[in-house]
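Each reported figure results from applying straightforward, stated rules to the coordinates on display, with no laboratory input. This one's a predicted model, so the numbers in the text were calculated from it and none came from an experiment. Cβ placement follows ideal geometry from the backbone for every residue including glycine, while neighbour counts extend to all protein chains displayed.
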Amino acid sequence: MARLHELFWTFFKIGAFTIGGGYAMIPLMEQEIVDKRKWLDRDEFMDTMSLAQSMPGVFAVNMATNIGFRTRGYIGAITAILGNVLMPIVMIIAIAMFFKQFSDNLIVESIFKGIRPAVVALIAAPVFKMAKTAKISWSNFWIPVVATLLIWLLGVSPVIIILVAGVGGFIYGKIKGKKETKK
């Protein structure tokens with residue numbers, strides 16, 4: 001069981017040292033929550049990510065809420081949320097106060113341009129890790145590819161993709177379950 005101060009400082013550290021939003025936090029969260037602290041196993045972490053993505057609101061806050069609740073109930077959820085959002089809020093306020101002074105600065109602009117590829121890598125790395133954990137293989141690789149193309153090229157709503165994938169997964173599970181019971 002997580003101690004409240006550990007929960008707070010873990011999420012404070014995640015919020016403070018991650019640039020690029022919630023998805024960029026995934027590798028650090030997984031390292032801290034699954035590998036280092038063992039508050040959740042890898043499957044529980046994946047389930048929590050799926051739930052956090054499907055809930056309205058900010059992904060990072062949803063993750064903090066779910067992990068905090070799973071480890072310490074309601075007080076854990078509140079503690080994890082506070083830890084997760086405290087430093088980003090302070091940073092946003094500081095940036096807002098001084099942004100106009102530095103917005104035309106070439107050094108600041110160059111720094112942000114240099115950070116962009118790193119953020120893309122931080123977001124891409126968990127995608128490949130999630131694919132491995134979700135047991136994506138060559139036989140079912142087409143599903144995320146088709147989903148991505150439908151959203152990107154045809155503008156299909158992600159909600160429709162999620163609903164169709166959920167129904168498809170349910171039907172597949174039922175068919176597979178019937179085949180296994182007949183054996």
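Say whether the condition of being among the hydrophobic types (A, V, I, L, M, F, W, C) and in contact (Cβ under 8 Å) with a residue 60 or more places away in the chain is met by at least one residue in region 141-154.
Checking region 141-154: not a single residue is among the hydrophobic types (A, V, I, L, M, F, W, C) and in contact (Cβ under 8 Å) with a residue 60 or more places away in the chain.
Name the residue that is surrounded by the most Cβ atoms within 10 Å (Cβ to Cβ), counting only residues in region 44-75 that are in a loop (DSSP other than H, G, I, E, B) and not small (G, A, S).
Per the criteria, the residue is V58.
Check region 93-107 and report whether any residue there is small (G, A, S) and in contact (Cβ under 8 Å) with a residue 40 or more places away in the chain.
Looking for residues that are small (G, A, S) and in contact (Cβ under 8 Å) with a residue 40 or more places away in the chain, one finds none in region 93-107, hence no.
Mind checking which residues of region 150-162 are within 21 Å of the chain's Cα centre (by Cα), farther than 17 Å from M130 by Cα and part of a helix (DSSP H, G or I)?
I151, W152, P158, V159, I160, I161
Mind counting the residues in region 13-31 that are under 12 Å from N84 (Cβ atoms), buried (at least 18 other Cβ atoms within 10 Å of the Cβ) and of a type outside the set (S, T, Y)?
So the answer is 5.
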